[in-house]
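The values are calculated or read from the model by the stated rules, or taken from the named source; none is laboratory data. Being a predicted model, the structure only gives us computed values, none of them experimental. Here the Cβ positions follow ideal geometry from the backbone for every residue, glycine too, while neighbour counts run over all protein chains shown. With ligands, DNA and RNA removed, areas are computed over all heavy atoms of the protein, side chains included. Shrake-Rupley method; radii C 1.70, N 1.55, O 1.52, S 1.80 Å.
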Amino acid sequence: MRFYIFFSGATIVAMGVAAMSVLDRSQAIGFLQGALTLGGGILICGMFSIKMKWHGIIGAGILALLGAARGVGNVPDMAKFIVGERPRGSAPVMEMGVTLICLLLLVKIIRALSQERLRRMLESQD
């Protein structure tokens, strides 16, 4: 589980760095700041999970939920991008990439928490 947290955080940060060469200067700075904030937070949660496993995993899940919720608001821009209207350039594609990473991480964390809950319930019955 920790691998997915570290990998997701590093990928989001890398997308922010890549945005500097792909997007316009003003959009790239904003995207980089958001990517460093979200990806850095997820990386910090991954480091925190080394000492206190479930606290770090739950923290990463909350950040993934926030990133996914923020990204859902960008779906109309992605629809416009697919149709051919591209006033923001390729920014909607990068934003949708971050949203998908956050959604995948969120699903993995929910699955891990459900498995842990089931394990603890079965353990308490014995």
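For segment 84-91, check the following and say yes or no: at least one residue is touching a residue at least 24 places away in the same chain (Cβ under 8 Å), under 15 Å from residue 66 (Cβ atoms) and under 26 Å from the mean Cα position of the chain (by Cα). It would help to see each step written out before you state the result.
The initial filter retains those residues of segment 84-91 that are touching a residue at least 24 places away in the same chain (Cβ under 8 Å), namely 88-91.
Now drop any that are not under 15 Å from residue 66 (Cβ atoms), which leaves none.
No, there is no match, as no residue in segment 84-91 is touching a residue at least 24 places away in the same chain (Cβ under 8 Å), under 15 Å from residue 66 (Cβ atoms) and under 26 Å from the mean Cα position of the chain (by Cα).
Within segment 35-46, track down each residue that is farther than 30 Å from residue 119 by Cβ and surrounded by fewer than 17 Cβ atoms within 10 Å (Cβ to Cβ).
36, 37, 40
So is residue 80 among the charged types (D, E, K, R) and closer than 24 Å to residue 20 by Cβ or not?
On the way: among the charged types (D, E, K, R): yes; closer than 24 Å to residue 20 by Cβ: yes.
It is true that residue 80 is among the charged types (D, E, K, R) and closer than 24 Å to residue 20 by Cβ.
Taking the options 105, 32, name whichever one is open to solvent by 20 Å² or more (accessible area, probe 1.4 Å), among the hydrophobic types (A, V, I, L, M, F, W, C) and either touching a helix residue (DSSP H, G or I) at 6+ places or on another chain (Cβ under 8 Å) or modelled with pLDDT under 95 (or both). Even if it seems obvious, please write down each step before you answer.
Numbers: 105 fails: open to solvent by 20 Å² or more (accessible area, probe 1.4 Å).
Selected residue: 32, the only one of 105, 32 that is open to solvent by 20 Å² or more (accessible area, probe 1.4 Å), among the hydrophobic types (A, V, I, L, M, F, W, C) and either touching a helix residue (DSSP H, G or I) at 6+ places or on another chain (Cβ under 8 Å) or modelled with pLDDT under 95 (or both).
Within segment 80-102, which residues are aliphatic (A, V, I, L, M) and open to solvent by less than 70 Å² (accessible area, probe 1.4 Å)?
At the first step, the residues of segment 80-102 found to be aliphatic (A, V, I, L, M) are 82-83, 91, 93-94, 96, 98, 100-101.
Passing the criteria: 91, 93, 94, 96, 98, 101.
Quick one: what pairs do we get from segment 62-81, first residue under 24 Å from residue 110 (Cβ atoms), second in a helix (DSSP H, G or I) and among the small types (Gly, Ala, Ser), C-beta under 6 Å, 6+ apart or different chains?
63/41
Tell me which of these residue 49 doesn't satisfy, since it passes every other one: (1) among the polar types (S, T, N, Q); (2) within 18 Å of residue 13 (Cβ to Cβ); (3) in contact (Cβ under 8 Å) with a residue 24 or more places away in the chain; (4) open to solvent by 30 Å² or more (accessible area, probe 1.4 Å).
Only one criterion is unmet by residue 49, namely (4).
Go through segment 5-29 and give me each residue that's of a type in the set (Ser, Thr, Tyr) and either farther than 13 Å from residue 98 by Cβ or open to solvent by 30 Å² or more (accessible area, probe 1.4 Å) (or both).
Start the filter on segment 5-29 by keeping residues that are of a type in the set (Ser, Thr, Tyr), which leaves 8, 11, 21, 26.
Selection gives 11, 21, 26.
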